[in-house]
Amino acid sequence: MPFDGDAVFKVPFPKAKRIAFPDGRGIFVQAGRQVTVQMPLIEGGSWQPDR
């Protein structure tokens, strides 16, 4: 069974355990390349997009 990266993005994702991806961390794919990224999290309250 292929990983999501292979099936969806046609890019092989690195093999990593779930613990390697805490909240806010993920994989960004663009133009056939992948990179691990960390996004800031807002604690408390709720975020609403601008309309």
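The values are calculated or read from the model by the stated rules, or taken from the named source; none is laboratory data. Everything numeric in this text was worked out from a predicted model, so none of it was measured. In this analysis, Cβ positions are derived from the backbone assuming ideal geometry, glycine residues included, and neighbour counts consider all displayed protein chains.
Summary of computed values
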{"item": "Residues of the range 6-31 satisfying the condition of being in contact with a helix residue (DSSP H, G or I) (Cβ under 8 Å, 6 or more places away or on another chain) and not aliphatic (A, V, I, L, M)", "result": "Pro12, Phe13"}
{"item": "Exclusive hit being more than 13 Å from the chain's Cα centre (by Cα) and at pLDDT 75 or above, set Ala16, Ala7", "result": "Ala7"}
{"item": "Test: residue in the range 24-41 that is assigned to a loop (DSSP other than H, G, I, E, B), modelled with pLDDT of 80 or more and either surrounded by 10 or more Cβ atoms within 10 Å (Cβ to Cβ) or of a type in the set (D, E, K, R) (or both)", "result": "yes"}
{"item": "Residue satisfying all of: in the range 6-23; small (Gly, Ala, Ser) and part of a helix (DSSP H, G or I); farthest from Pro40 (Cα to Cα) among these", "result": "Ala7"}
